[in-house]
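Enquirer: What follows is a structure written as structure tokens; I'll ask about it next.
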There are 2 protein chains.
Amino acid sequence: MKTNNLYKGSLTTIILKLLNEHDKMYGYEITQKVKEITKGELNITEGALYPSLHKLEADGLVDVEFRKVNNRMRKYYMLTELGTQETVNKLAQLEDYIRNMRALVNPKFRTLD
Amino acid sequence: MKTNNLYKGSLTTIILKLLNEHDKMYGYEITQKVKEITKGELNITEGALYPSLHKLEADGLVDVEFRKVNNRMRKYYMLTELGTQETVNKLAQLEDYIRNMRALVNPKFRTLD
DNA sequence: TTCTTATGCATATAATTTCTATGTATTAAA
DNA sequence: TTTAATACATAGAAATTATATGCATAAGAA
């Protein structure tokens with residue numbers, strides 16, 4: 001994910017949130033959606049995406065469904081019940097992370113909370 | 001750093017910013033300052049901190065200075081010129097990261113900017 | 001028509017970062 | 001006198017992501 005390694009650890013959160021919002025998506029679609037939303041600033045590589053999706057599947061957070069579209073196979077991913085719960089957790093963790101990082105780098109935020 | 005792995009990749013940014021703000025600090029002081037600012041939510045482990053500080057030193061971003069305080073050695077770290085420049089870069093990257101993550105997880109922010 | 005770009009899946013190996021566990025040593029407090 | 005706090009450090013493991021590569025189809029450009 002580019003030269004900025006702050007994104008390390010956030011891939012799962014990104015995937016879960018997008019699936020939470022779109023019901024079902026396939027791999028390539030996820031990479032394009034991320035690129036679109038971040039205006040090209042963040043590009044998910046396939047070498048990161050697919051292992052991550054497979055892990056989500058193995059952990060029971062997503063279900064998969066193959067479908068043929070335009071004579072080409074697509075593997076759709078969708079959240080399970082467990083995946084929806086985990087999405088909530090991950091988003092809360094992201095909020096905590098942002099709040100703590102703001103406090104650390106911006107002294108103005110230190111007395112707030 | 002706890003169970004939240006979003007912090008992966010942010011340790012360097014945290015250290016640089018604290019050094020930028022305090023002129024000189026020693027390792028243990030950094031761990032305590034982080035704990036204090038985040039109200040205990042983030043604890044930097046020594047196994048992460050010292051290798052990171054040594055890398056910053058090897059890369060010429062910090063200078064070191066040993067000093068004996070209360071009959072105990074302290075190794076103080078302070079930013080070099082290069083380190084100050086890198087701090088600016090890292091903080092800008094953090095802002096970009098937060099902006100992109102907000103856009104990804106909060107559709108409301110997508111039309112802004 | 002052939003080459004390139006876009007679409008779509010995937011893995012192997014490496015690189016990076018951080019964690020866990022461990023070690024040494026001094027000081028202060030219970 | 002034993003525990004907690006202070007202070008440094010490393011070895012090895014774990015987790016995450018990047019780089020490079022492979023296969024295959026479709027569409028558009030040259």
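The values are calculated or read from the model by the stated rules, or taken from the named source; none is laboratory data. Source: prediction; values computed, not measured. For neighbour counting, all protein chains shown are included, and Cβ atoms are generated from backbone atoms with ideal geometry for every residue, glycine included. Calculation scope for accessible area: heavy atoms of the full protein, side chains included, ligands and nucleic acids excluded. Shrake-Rupley method; radii C 1.70, N 1.55, O 1.52, S 1.80 Å.
Enquirer: Taking the criterion of being within 13 Å of the chain's Cα centre (by Cα), buried (at least 18 other Cβ atoms within 10 Å of the Cβ), among the small types (Gly, Ala, Ser) and away from DNA strand C (no atom under 11 Å from the Cβ), would at least one residue in the stretch A:4-11 satisfy it?
Expert: The answer is yes; a qualifying residue exists.
Matching residues to (1) surrounded by 14 or more Cβ atoms within 10 Å (Cβ to Cβ); (2) modelled with pLDDT of 95 or more; (3) among the polar types (S, T, N, Q):
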{"position": "B:Asn20", "(1), (2), (3)": "yes, yes, yes"}
{"position": "B:Asp23", "(1), (2), (3)": "no, no, no"}
{"position": "B:Tyr26", "(1), (2), (3)": "yes, yes, no"}
{"position": "B:Lys33", "(1), (2), (3)": "yes, yes, no"}
{"position": "B:Leu49", "(1), (2), (3)": "yes, yes, no"}
{"position": "B:Glu57", "(1), (2), (3)": "yes, yes, no"}
{"position": "B:Met78", "(1), (2), (3)": "yes, yes, no"}
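Enquirer: Looking at (1) open to solvent by less than 80 Å² (accessible area, probe 1.4 Å); (2) within 13 Å of DNA strand D (Cβ to nearest atom); (3) among the polar types (S, T, N, Q), which is the one condition that is false for A:Asn71?
Expert: Condition not satisfied by A:Asn71: (1).
Enquirer: In the stretch A:59-68, how many residues are within 14 Å of DNA strand D (Cβ to nearest atom) and surrounded by fewer than 16 Cβ atoms within 10 Å (Cβ to Cβ)?
Expert: The number of residues fulfilling the criteria is 2.
Enquirer: Here is a further query. Kindly check whether there is at least one residue in the stretch B:81-93 that is open to solvent by 20 Å² or more (accessible area, probe 1.4 Å), away from DNA strand C (no atom under 16 Å from the Cβ) and in contact with a strand residue (DSSP E or B) (Cβ under 8 Å, 6 or more places away or on another chain). Full working, then the answer.
Expert: We begin by selecting, within the stretch B:81-93, every residue open to solvent by 20 Å² or more (accessible area, probe 1.4 Å); these are B:81-82, B:84-86, B:88-93.
Restricting the remaining residues to those that are away from DNA strand C (no atom under 16 Å from the Cβ) gives B:81-82, B:84-85, B:88, B:92.
Cutting the leftovers down to in contact with a strand residue (DSSP E or B) (Cβ under 8 Å, 6 or more places away or on another chain) gives us none.
Checked the stretch B:81-93: no residue is open to solvent by 20 Å² or more (accessible area, probe 1.4 Å), away from DNA strand C (no atom under 16 Å from the Cβ) and in contact with a strand residue (DSSP E or B) (Cβ under 8 Å, 6 or more places away or on another chain).
Enquirer: Among helices (runs of 4 or more DSSP H) lying entirely in the stretch B:1-91, which contain 3 or more residues that are facing chain A (nearest Cβ under 10 Å)?
Expert: By residue number, B:11-22, B:27-37.
Enquirer: Please verify whether the stretch A:104-113 includes one or more residues that are surrounded by fewer than 16 Cβ atoms within 10 Å (Cβ to Cβ) and either within 16 Å of DNA strand D (Cβ to nearest atom) or among the aliphatic types (A, V, I, L, M) (or both).
Expert: yes
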